Amino acid sequence: MKRLKTYVIVPTYNEKENLGQLIPQLLGSPSLVHVIIVDDNSPDGTGELADLMAADSPRVHVIHRPGKLGLGTAYLAGFKAALQTDADLIITMDADFSHHPRYLPDLVAKAESGCDLVIGSRYVPGGATLECTLPRKLLSWGANAFARVMLGLRAHDTTAGFRCYRREVLASIPLDQIVANGYSFLIEMLYLVQRRDWRVCEVPIVFQNRQQGVSKISRTEIYKALQTVLRLFWKRWARRPR
């Protein structure tokens, strides 16, 4: 079987203390990967560290953006860069070790078995969440349940950012027409993938709350996610045959 070429997209904003540990682990993964770091002009020097790593390894690539432009547009910048290469699989993950590199081989293996989008999931047997507060867990569970019911999503973890896309999946989606930004971008991407009848699978991961740095989730992100689900629900309802 041909070994699929894998690119990992890592959006960063003030992740210097995590990036120095993460990138060596990604490069040492059994799944031979290239890494695309998308840095939003981090004031803590993350971008400069990323450049040093890129100078040391031809498998590290850096996209510099002028400011904090949102998680969704960071993913889009990474997608477009990866699609300009010969990547077969494109993985997205956080830089804070809540998505641990040890799960990369599981995502890749599932994609090689025939899945078009593989989600590293907290909500399938074997998955779990560690060191998150009860309100945070309830928020995540409620957001997933709401998105699944309103949009008919079949995946259990609809807001997970640890994902592996086959190249053909991203190429089939009009990326520039995606409205959502921030964390709600993940819901809209999953909705678009499912509507195109791509095969969506999940593999269990243990999500561990970040150990270093500051969480990027805000009340504004929660409101945006609610708006995204309602907008997509209306679109879904309007397209139903009468």
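Things worth noting here:
- Overall dimensions of segment 36-119 by Cα: Rg and Dmax, Å: 13.9, 41
- All Cα-Cα separations within segment 101-242 were binned at 5 Å from zero, giving a P(r) of 2, 9, 18, 22, 21, 16, 9, 3, 1, 0, 0, each value a whole percent of the pairs.
- Most positive-pole-ward Cα, Val35, Leu151, Ile173, against dipole of the chain from beta carbon charges: Leu151
- Helix-only mean residue ellipticity at 222 nm for the chain, each DSSP H run of n ≥ 4 adding -39500 (n - 2.57), per residue, nearest 500: -13000 deg cm²/dmol
- Sparsely packed loop sites in segment 1-99 (the trypsin sites (Lys or Arg not before Pro) outside DSSP H, G, I, E and B with at most 12 other Cβ atoms within 10 Å) comprise Lys2, Arg3.
- With the convex hull drawn over the C-alpha atoms of segment 167-211, the volume per residue is 114 Å³.
- Compactness of segment 97-170 is given as radius of gyration and Dmax, 13.2, 38 Å, from Cα positions.
- Rounded to 10°, Cα long-axis angle of helix 184-195 versus longest principal axis of the chain: 60
- Eigenvalues of the alpha-carbon gyration tensor of the chain, scaled by 5 and square-rooted, set the equivalent ellipsoid semi-axes at 27, 21, 18 angstrom, largest first.
- Antiparallel bridge percentage (DSSP; both residues within segment 6-238; nearest 5): 25
Values quoted throughout were computed directly from the atomic coordinates according to the rules given, and no laboratory measurement underlies them. Fair warning: this is a prediction, and the values are worked out from it, not measured in the lab. Please note: Cβ atoms are built from the backbone with ideal geometry, for glycine as well, and neighbour counts cover all protein chains shown.
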